[in-house]
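Contents: one structure, followed by commentary.
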Amino acid sequence: LVESWSFLDTAESNFRPLVVIELAKGTKEETIEWFTKRIVDKKANGGAQLLVKPLVTENEVENIYLVGASHLRLLLGAEAVGLVKECSDNSMRTFTYSSRKTFKHYADDNHDFLTMAECQYIIKHELENLRAKEEKMIPGYPQAKLYPGKSVVRRLLTSGILVQIFPLHDREELKKLSHSWYGRVKIGYQPLDDIRCYFGETIALYFGFLEYFTFALIPMAVIGIPYYVFAWEDYDKYVMFATFNLLWSTVILEVWKRMCAILTYRWGTLLMKRQFEEPRPGFHGVLGINPVTGREEPMYSSIKRQLRIYLVSLPFVCLCLYFSLYVMMIYFDLEQWALDYHKENESNFSSLMLYVPSIIYAVVIEIMNLIYRYAAEFLTSWENHRLESSYQNHLILKVLVFNFLNCFASLFYIAFVMFDMKLLRQSLATLLITSQILNQFAESLLPYWLQKRYNRRMKKRMCSTKTDMDLSLAEQVNMEKEMGTYLGTFDDYLELFLQFGYVSLFSCVYPLAAVFAVLNNITEIYSDALKMCRVYKRPFAEPTANIGVWQLAFETMSVISVVTNCILIGMSPEVDALFPDSKMDLVLTVALVEHLLLAIKFIMAFVIPDKPRDIQMKLAKLEFESLEALKQQVRAFQMQLHFVLIHH
């Protein structure tokens, strides 16, 4: 690989812009010159060996630069990041430039061997790996300090010199994808492979999970309708429904692991080696030597971080949880007022008023979730986590705990303190439907409408100054740079997680929850697809092998649902009548059934393999071949050493 770099020419006549770099207005010339030189410089000199071209509009150079790379450079970059591609024998292997001809669809003149998303991911990787050498500061900005090994792009971002880096849309490919994905209403599967080629594995996996979860909800919805119609107050019949629900929640999560393995093996990310994590951009501290890499980088005491977590973050989260419970009690006061009003008036208007407190509370819940999310992000950033994975895990934990209590505390209170099943059913239905409507509006419809308004204004302004063909690219860049930034799949998974809670936690009380979830998810697929293609900038592809910590979150929710459903059934009058003499016997029986169901659940999780047999065999074969190749290299080295020793 190292030898190949020396033959790589940075000049290429057929320049294809892949990534956009926007610098702050008024950025000093010496800074721009230094940064662009580092981008085009050879790898041996510490550069990225990429191609850069300034964006020119009306003969004026803006502080926007287009970055591309030669075909050879991208192939060498694919090896550097460890991309896995399909070989001619249908096996999946890590791409190497030396063995490029053994890979399926490879040809020296085939520039589509790497997808555009993969090319943009490679460029992002190379830009992020531009590191300071002897520079002590960014030229032109003495306050922006550098040290050997520091990521240049990260320092430019934190200093405010670099505004943003984003990948360009491919308008032709986007048009094709939009048509096959959401352009027409159809009953069928999403084009997940096309989504993966355009947006990368993380986003494709989210849409794969959304589709899978929607299909998995259909049996629950189909069974739930007759239960709702014919067995509204008959809790005996709900025992079967709740038992089915609990087994269903286990099976779908285990089968998803298998589906996930099939998809990520086909996409090559199941085999990708985990890269060494660099410090996140917002991490700061006193310069020191990293004992693992031996490089100079900021160091921050873990004791200080723990103190910040336990003395500030934890009390703040507890205070927010208390406030959430306080708001919940206000909601119950409103509920009582609506009930009293209805008893006094007994009119159609008073009947409608019974739903008003729940609707207001559902809106307040969404607002509180949003405000808390910003507070959680600020706190987690202030805790100063070194790695992005650590930052994400702490943020997810904070948000999940608050969202769980905020969304479900009132339902638990109604069920286990007030023992009012009718109010529980009404509250569950109102919270579920209201939150779904609000999420659809806030996540997709409002951003889409605002973006459409901006695009119309932009097109009018650009058309009046259009002079040549090159302006179409300038128009595209200027429109895309003003689009919103997609912040990742966090909110999308969180919405599905809360929906899973509404469906599984109190399934024996409101069987129609699954029906509303299915209807919401069908529209969610289309609205999220529209959002990705029309509302937000194209995000960089992020290789991933699974849905990460969300798998654990969903599994935890399914365990909690076993406990809640068992207690709800145990509280029913029919079950209570079976134990007229001793309530302790009832409690022990419910606990025994709950433990048995949990045991069945964990046995099923153990029995169902996470990966299909054929994929297990392919992975084992690859591991064996890599060990054999390593042995051959060792033998070859030993023979060379033996040969040298004999001649000496």
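The values are calculated or read from the model by the stated rules, or taken from the named source; none is laboratory data. In this text the structure is predicted, and so the values were computed from the model without any measurement. Glycine also receives a Cβ, built like all others from the backbone with ideal geometry; neighbour counts cover every protein chain displayed. The protein model used for the area step is the full one, side chains on, heavy atoms only, and it has no ligands, DNA or RNA in it. Shrake-Rupley method; radii C 1.70, N 1.55, O 1.52, S 1.80 Å.
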Measure of exposure for TYR265: accessible area at 1.4 Å probe, Å² rounded to 10, is 20
Of the candidate values [x] 94, 73, 54; [y] 150, 122, 50; [z] 166, 107, 78, the one computed for Cα extents along the principal axes in Å from this structure is [x]
With every protein chain kept in place and a 1.4 Å probe, the residues VAL364, VAL317 fall, from largest accessible area down, as VAL364, VAL317
The alpha-carbon center of the stretch 176-216 and that of the stretch 355-428 are separated, in whole Å, by 29
Checked the stretch 519-644 against the a/c 1.5 cut and the a/b vs b/c comparison, axes a ≥ b ≥ c from its Cα gyration tensor; verdict oblate
Using a 1.4 Å probe on heavy atoms of the protein chains only, the accessible area for MET299 in Å², nearest 10, reads 80
With +1 at each Lys and Arg Cβ and -1 at each Asp and Glu Cβ, the charge dipole magnitude of the chain around its Cα centre, to the nearest 20 debye, comes out at 1760
For LYS481 the rounded accessible area (nearest 10 Å², probe 1.4 Å, non-protein molecules ignored) is 40
Once the in-chain neighbours fewer than 8 apart are removed, the lysines whose Cα is under 17 Å from LYS186 read LYS176
Which of LYS101/LYS631; LYS150/LYS304; LYS85/LYS133; LYS25/LYS53; LYS37/LYS452; LYS85/LYS481 exceed 26 Å between C-alpha atoms? The answer is LYS85/LYS133; LYS37/LYS452; LYS85/LYS481
Surrounding charge for THR485, neighbours by C-beta under 11 angstrom, Lys/Arg +1, Asp/Glu -1, total +1
Once HIS394, HIS647, HIS284 are ranked on solvent-accessible area with the largest value leading and a 1.4 Å probe, the list reads HIS647, HIS284, HIS394
From the Cα centre of the stretch 595-644 to that of the stretch 294-316, the distance in Å is 37
Of all stretches in the chain that avoid GluC sites (Glu not before Pro) placed in a DSSP loop and having at most 13 other Cβ atoms within 10 Å, the longest is 483-648
Calculated from DSSP helices alone, with each H run of at least 4 adding -39500 (n - 2.57) and the total divided by the residues of the chain, [θ]222 nm to the nearest 500 comes to -21000 deg cm²/dmol
HN-Hα couplings for the stretch 160-166 via Karplus (6.51, -1.76, 1.60; θ = phi - 60°), in whole Hz with x for Gly/Pro, come out as x, 6, 9, 6, 6, 10, 8
Expressed in µm² per second, the diffusion coefficient of the stretch 294-447 from the Stokes-Einstein equation, with Rh the Kirkwood radius over alpha carbon pairs, at 37 °C and 0.692 mPa s, is 183
Heavy-atom accessible area per residue of the chain, all protein chains kept, 1.4 Å probe, expressed in Å², is 51
For the stretch 400-443, listing chymotrypsin sites (Phe, Trp or Tyr not before Pro) in a DSSP loop whose Cβ sees at most 11 other Cβ atoms within 10 Å gives PHE419
Note, ASN384: beta-carbon cut-off 9 Å, +1 each Lys/Arg, -1 each Asp/Glu, net +3
Of all chymotrypsin sites (Phe, Trp or Tyr not before Pro) in the stretch 154-208, the ones in DSSP coil with at most 13 other Cβ atoms within 10 Å are TYR189
With every protein chain kept in place and a 1.4 Å probe, the residues ARG155, ARG635, ARG16 fall, from largest accessible area down, as ARG635, ARG16, ARG155
Counting only DSSP beta bridges with both partners in the chain, the antiparallel fraction in percent, to the nearest 5, comes to 95
Taking protein heavy atoms only, a 1.4 Å probe, and rounding to whole percent, the accessible area of the stretch 19-168 owed to carbon and sulfur comes out at 51
Reduced to Cα centres, the span from the stretch 467-535 to the stretch 324-346 in Å works out to 34
The answer for the net charge of residues other than TRP267 whose Cβ lies under 9 angstrom from its Cβ, with Lys and Arg +1 and Asp and Glu -1, is 0
